[in-house]
Amino acid sequence: MTIKSILVVDDSPTDRQHLTDVLTKAGYKVTGAASAEEALAKVKQAKPDLVLMDVVMPGQNGFQATRALSTDEATKHIPIIICSTKGQETDKVWGMRQGAKDYLVKPVKPADLLAKIAALG
């Protein structure tokens, strides 16, 4: 599977912009979402090849959104990488149990992010 389009989900405009800049420079088409609810709608609409999901957001959190996407027939094939400040081992394990393919702790290093994306593609 070739990854060309990525949905970045983060309630922080700064974090969203940072990830968008890194990904755009690497040649990816990037769409943003400021909440889990917005992400769930955009995934069905835009059908991205990958979702980068924050965890700590108002309303529905990233773990809940990851579980919703990974159990929905229409979206379960889309890989999710969680990018969060929650860096405990239990957070990583829980994120993977919700259906994430990988987990990065913020601040995300561009090289690490691009390597994880390449490994999925």
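So what's the net charge close to Ala46: Lys and Arg +1, Asp and Glu -1, counting the other residues with Cβ under 12 Å from its Cβ? Let's see the in-between values first.
Values: positive: Lys4, Lys29, Lys42, Lys44, Lys47; negative: Glu38, Asp49.
Counting the neighbours of Ala46, the net charge comes to +3.
Do any GluC sites (Glu not before Pro) in the stretch 12-121 lie in a loop, going by DSSP, with at most 16 other beta-carbon atoms within 10 Å of their beta carbon, and if so which?
Glu73
Between Ala118 and Lys47, what FRET efficiency comes out of the Förster formula 1/(1 + (r/R0)^6) with R0 = 22 Å and r the beta carbon distance, rounded to 0.05?
In this case the efficiency is close to 0.60.
For Cα Rg over 2.2 N^0.38 Å, the listed values are (1) 1.50; (2) 1.00; (3) 0.93; which was obtained by calculation from the structure presented?
Computed from the coordinates, Cα Rg over 2.2 N^0.38 Å corresponds to (3).
With the contact rule set at Cα under 8 Å and sequence spacing of 6 or more, what percent relative contact order holds for the chain?
For the chain, the relative contact order is 24 percent.
For Gln88 and Ala111 in the same chain, what is the full-extension length gain: residue separation times 0.36 nm, less their Cα-Cα distance, in nm?
Between Gln88 and Ala111, full extension yields 6.1 nm more.
For the chain, what does the helix formula give at 222 nm: sum of -39500 (n - 2.57) over DSSP H segments with n ≥ 4, over the residue count, nearest 500 deg cm²/dmol?
Details: 5 runs with 54 residues, N = 121.
It comes out at -13500 deg cm²/dmol, rounded to the nearest 500.
Quick one: net charge around Val8, please, counting Lys, Arg +1 and Asp, Glu -1 for every other residue with C-beta under 13 Å from its C-beta.
Cβ neighbours under 13 Å give a net charge of -3.
Readers should treat all values here as calculations from the given coordinates under stated rules, not as data from a laboratory. Keep in mind that this is a model prediction, so the values were computed, not measured. Positions of Cβ are generated from backbone atoms using ideal geometry, with glycine treated the same way; all protein chains shown enter the neighbour counts.
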